Each structure stands twice: as structure tokens, then as C-alpha cells.
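The values are calculated or read from the model by the stated rules, or taken from the named source; none is laboratory data. Computed from a prediction, not measured in an experiment: that's the story for all the values here. FYI the Cβ positions are ideal-geometry reconstructions off the backbone, even for glycines, and counts take in every protein chain you see. Quick note on the areas: whole protein, heavy atoms, side chains included, nothing else; ligands and nucleic acids left out. Shrake-Rupley method; radii C 1.70, N 1.55, O 1.52, S 1.80 Å.
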Amino acid sequence: MNRDHLLSETGRIIRETVQCGPVAITRATRAMDVRGWDSLSHTMILMQLEDGFGIQLPMERVLTLGTVGELVDLIAELKAG
Amino acid sequence: MNAPPKPRVLVYGNCQGGWLADTLRLQPEVAEQFEIIYLSDYQERPPDHPINESGFLATCSVVIWQTASGCKPPWFLADVPAHVRQIRYPTLWLKLLWPTYAVDPRNVREDQFPWGRYPYGDRLVMKLLEQGVPPADIPRRYADTDLNTIVNLARFTEMSLAELRFNDRQSDLAITPFIESTFRTRKLFGSVNHPTFAILHQIYHGVAAALLNRPPAAAPLFPANADEVLGNEEVPLHPQIIEHFQLSWAFPGMRWRYHSAFLTAEEYFQAYAAFTPIPLGQPPALWLARARQAAEQSDLATAQRLLLEASSHYPAVPEFLQFLGLILTRHGQLLEAEKVFRYAIAQHPRAAALPFELGRLMLQQNFAAEAARLFNDTLRLDPLHKEARRQLILAAGRPRSQPVVAAVR
């Protein structure tokens, strides 16, 4: 799965989790750009990403990330590794 | 001669920060030394807030600000001069008890609901509604759903706690050890981010100690209102959560405050599913219902506090003192109950129920003559009071002699 595909799948999972409708999610997207993606729903999004990609996110790292792009890079790293 | 200005302390954060600023301001040992200024991170900045003055931050000796993963640091942080001390405290939330929290797209700001009707949405309820389940059936379907089909509770708990610890590390005080050791036995939150005063006081102690460079004096670990929630929205827990975490403070049939109502989980989830507006406010019925729940749980201290507070909010309503007298009687505190009823009669001389209840209490203690007088008072206020008439006959049939206990009264 290449980065574009990962990004598209990550966007789909985020949209489904927060039920924000067909909003564009790009590498530059931040939580605050997406309705429903607040600090309280963040953990649920991370869980859905774990389920969707079959990975376990290291919380120490994931909590320091700022953009969807950084999140996708981490997922790619975990999938490769 | 004017006193020299006190060092300024800027407290920045959400409503928890607002409470912290108010509490610091009310503590003489803090207020004597510092001028406390609050700045909200969620409301529009007032045009007259001192932070709008150039050089304001340089006039502060301390900036206290709230940290949280996924939240930006204060917008003014880069302008805080190096000589200004910073104290960071963690944002309080507890996601693990409300794993299905979600923003409900139906929730929008309305004139009477600045945060919307239901700012705490629930993904399971939303999913059931999508499946066409009618709101009336939602509570049962909700309670019957195994949460593990929605979320892996074990992993969610692990992630939630990891996030709390992360927040602690971004702060100058750690709250997670307290949360982990206490959340099963005490109510620390009423919703995912509405803490009770039990946990807020921990934050106050930590911040005040950092500010004063010593532990603050006084203030109990668990204040009288420890189980009260900051804010007026509580969200009932899924029964599986109560069982999973073995929460000793939650119980079946428990009622939760939501705006002006005090609802069971069933009532809440049905109202939320239907998106029924529940007005804001604290009507007398809400106070009475909350006191009743506390009394039913044998929590006399809370019931007493709620009724006295309610009585000061609504001085014209006699039912609070009447109920207080009744629960004191039920707990065998007869002299206290008598005092409450006598005080209540003085405050509400037209309320027939009060001399009636005091009359029953006196009769219970074999003060038949006084009881009879009180039942007569009741009947003067309410000639149709059947029970007073019946009790009057009972009192008249009792011997007039005073019991031995009267001597020690």
C-alpha cells in the first residue's frame, strides 16, 4: 500500500469515525480542520486506524504528531516494519 | 499610602481553568500575594481584557496554563518573557468511561443552548438511529449492546491512560496517578471532560503549591461538594462500563444531572436519541431530586448540603427544609430534625406541612400535648388536612405526662 493509498484510507477511516461528511483530508489536514475530530474523539480515531491497518500505534509518538501526513508516515513505517 | 501592586498571575485554560482562577482568588494566602487574572481558551477574548494591553505579559510574574495532547499551547506563549515563571497543569478528561463519545452532527449552537442541545454525542446511539431504531427503543438497545463490538475496551483503556500520562509529562503536576487510583471508588467525572470537585481540588493543590512554593494551608482533600460536577451536563455510563471497571460509586437506576433535569440512563438516552431540548437552569425539583437520590444512597451529608444550598437559592420554597427534617428524622437525628422543622416554621409560617411534620416528630417522642398543638396549627392553615386530623386524635389519646427523655431535652 503506497502513501497515497494510505492517505486515502486514513481519510476514509477518519471521516467514518467522526461522521463529518465528504470533507477532503490531505497530508496537511489537522484535527481542528475536521468537524468532530476533537481532542476527546482523537483516541477513538487512533483505535479505528489500528483496527483498519492491523497495527498498534505507539502512543508516545502518535500524540506528538500534528498533521494527517505525519500520521500516514507513521502508519507506513509500522506497516513496513 | 497606596499598597504596592501585587504580582500578577495569568491563568489560561478552559472552564476548569476558570474554576482554578476563581478558587485561587478566593484563597487568602494566594490572594494576599497575587492578583489573579483569568483568560479563557474557549471563549472570545473580552475587548477590555488586560492581555490586550501591550507589555501585559511582562507585568505578570507567573503564567499558569493548561496542557493537553492534540491541543495547541496558548497563542501568546512565544511572547511570555523569560523572567515570567510558567506553571503548566493538565486538562482533565477521562475518555475510558465514555468510549463511545462522539460529536453528533445534529448538535449545533442555538440561542438557548450555546453548546448545542447535546454536546456529548454517542456513536452507538448514532449508529442505532442510522439503523432505524426508534428513539423509544434506543435505551434498551443501547444497554443491550456489547461495547466490545464497538470498541476494544482493553486497548481503549490502555490508550486513554497513555494519553493521560502523556499530558502529565507536558505539565508541572501529574494527575494520572490520582485518577488511576481513585476513579473506581469515587466519581471523578460526570462526562468525558466535566470533572468533579474532588479532582479539581487536586489540581488546585498542585498549582497553589507550585505558586506558593509550599503546600497550601487548609482545604480538605475531598471537599464537601467533592462529587459535584463542574458544569451542568452529565452523561450516564453504559452498564457494561460500570461492570467492566467495577465502579463502586455508580449503581443501577442512578440519575444524572442534565441541564434542569435529573434523569435515569433510560430517560437520558431516549431524550438524546430524540434530540429533545432540555432547558438549562436549576429548578427546585432538580434540587429535591438530587437530594432524594443522595438520601436513598444513605449519603446524608450530601443530601443535607444540597437541601441547605437549595433553601438559600429558593428561600420561598418550604419543601427543602421539610425534606431535610424528614431525612434527619429517618436517620434518627431527632433533635436536629426538630431544630430544622422549628426553623422552617419560622421561615414559612403559612406552610401547613411543616407544623404537621414537627407534630409527627413530637408524637413519635411522646410529646403528645405539643404534637396536638402542632396538628391544630396545621388544621388552622389547612382545614382539609385529613392526616393532621387523624394524628390529632392519636395525640389526644396519648397520656399527657411527659416521658423520662423529656428531662434531658
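The share of accessible area on chain A that comes from carbon and sulfur is 48 percent, using a 1.4 angstrom probe.
Across peptide A:40-51, the average count of Cβ atoms from other chains found within 10 Å of a residue's Cβ is 6.
Note on the protein assembly as shown: antiparallel DSSP beta bridges, both residues inside, total approximately 40 percent of the bridges counted. For segment B:101-138, accessible area lost to neighbouring protein chains reaches 50 Å² or more, against the chain alone with a 1.4 Å probe, at B:101, B:103, B:123. Once the partner protein chains are put back, segment B:85-99 shows a loss of at least 20 square angstrom of accessible area, versus the chain by itself, at B:93, B:95 (probe 1.4 Å, ligands and nucleic acids excluded). Against chain B, whose longest principal axis is taken from its Cα atoms, helix B:265-274 shows a tilt of about 60°.
Derived value for segment B:140-285: Kirkwood hydrodynamic radius 17.2 Å. Basis is the mean of 1/r over every pair of different alpha-carbon atoms. Using only Cα atoms, find the angle between the long axis of helix B:386-397 and the longest principal axis of chain B, and express it within 0 to 90 degrees, rounded to the nearest 10. The angle comes out at about 50 degrees. Full extension of the chain segment joining residue A:73 with residue A:35 gains 11.4 nm, where the gain is 0.36 nm per residue of separation less the Cα-Cα distance. Potential lengthening of the chain between residue B:373 and residue B:31 amounts to 117.8 nm, from the contour at 0.36 nm per residue minus the alpha-carbon distance. Taking one quarter of the surface of the C-alpha convex hull of segment A:8-79 gives a mean projected area of 4.1 nm².
Protein heavy-atom accessible surface, 1.4 Å probe, per residue over chain B: 47 Å².
For segment B:154-256, a simple Cβ point-charge model (Lys and Arg +1, Asp and Glu -1, everything else neutral) yields a dipole of about 180 debye relative to the Cα centre.
Under 12 Å from a label point 7 Å along Cα→Cβ of residue B:86: give me every residue in segment B:15-55 with its amide N that close. Flagged as within label range: none. Dividing the alpha-carbon radius of gyration of segment B:1-74 by the rule-of-thumb value 2.2 N^0.38 Å gives 1.15. Beyond 29 Å in Cα-Cα separation lie the following of the pairs A:79/B:95; B:72/B:95; B:6/B:95: B:6/B:95. Accessible area per residue for chain A, computed on protein heavy atoms with a 1.4 Å probe, is 48 Å².
Helix B:300-313 and the long axis of chain B differ in direction by around 90°, with both axes built from C-alpha atoms.
Each of A:37, A:76, A:52 was scored by the projection of its Cα onto the charge dipole of segment A:11-81, and the greatest displacement toward the positive side belongs to A:37; charges sit on the C-beta of Lys, Arg, Asp and Glu.
A simple packing score, the average count of other Cβ atoms within 10 Å per residue, orders the peptides B:140-148, A:42-50 as A:42-50, B:140-148, with the highest score first.
Remark: spin-label model distance residue B:3-residue A:1 equals 6.3 nm, labels positioned 7 Å along the Cα→Cβ axis.
Stretched out straight at 0.36 nm per residue, the stretch from residue B:140 to residue B:276 would grow longer than its current Cα-Cα span by 47.2 nm. Amide H contacts of residue B:86 (H built 1.01 Å from N, in plane; Pro and chain starts excluded): B:63 sit under 5 Å, all sequence-distant by 5 or more or on other chains. Could you tell me which of B:20, B:238, B:264 has its Cα farthest along the dipole of chain B towards the positive end, charges placed at Cβ (Lys, Arg +1; Asp, Glu -1), taken about the Cα centre? Positive-end residue among those listed: B:264. With the simple model of a label 7 Å out from the Cα in the direction of the Cβ, residue B:301 to residue B:382 spans 3.4 nm. Only helices enter this figure: runs of n ≥ 4 DSSP H residues, each worth -39500 (n - 2.57), summed and divided by the residues of the protein assembly as shown, yield -14000 deg cm²/dmol at 222 nm to the nearest 500. Compactness of segment B:274-389 was expressed as the Cα radius of gyration divided by 2.2 N^0.38 Å, which yields 1.15.
The DSSP beta bridges internal to chain B are antiparallel in roughly 40% of cases. Here the Gaussian network model covers chain B, with springs between Cα atoms less than 10 Å apart; of B:111, B:79, B:137, B:111 fluctuates the most. Remark: chain B is approximated by an ellipsoid whose semi-axes, taken from the C-alpha gyration tensor as √(5λ), come to 46, 30, 20 Å, largest first. Summed over both chains, the accessible area lost when A and B associate is about 2200 Å², using a 1.4 Å probe. Interface residues of segment B:154-192, defined as those with an accessible-area decrease of at least 20 Å² between the chain by itself and the complete set of protein chains (probe 1.4 Å), are B:155, B:156, B:159, B:162, B:163, B:166, B:169.
In this Cβ point-charge picture (+1 for Lys and Arg, -1 for Asp and Glu), segment B:93-214 has a dipole of about 220 debye about its Cα centre. For A:55, A:75, the ranking by accessible surface with the largest value first comes to A:55, A:75, using a 1.4 Å probe. Hydrodynamic estimate: the Kirkwood radius of the protein assembly as shown over Cα pairs, inserted into Stokes-Einstein at 10 °C and 1.306 mPa s, corresponds to D of 61 µm²/s. Assuming charge only on the beta carbon of Lys and Arg (+1) and of Asp and Glu (-1), the dipole of the protein assembly as shown about its Cα centre is about 1480 debye to the nearest 20.
Taking every Cα-Cα distance in segment B:205-280 and sorting them into 10 Å bins from zero, the calculated P(r) comes out as 16, 33, 25, 19, 7, 0 percent. Label separation (residue A:12 vs residue A:56): 2.6 nm, computed from points 7 Å beyond Cα along the C-beta direction.
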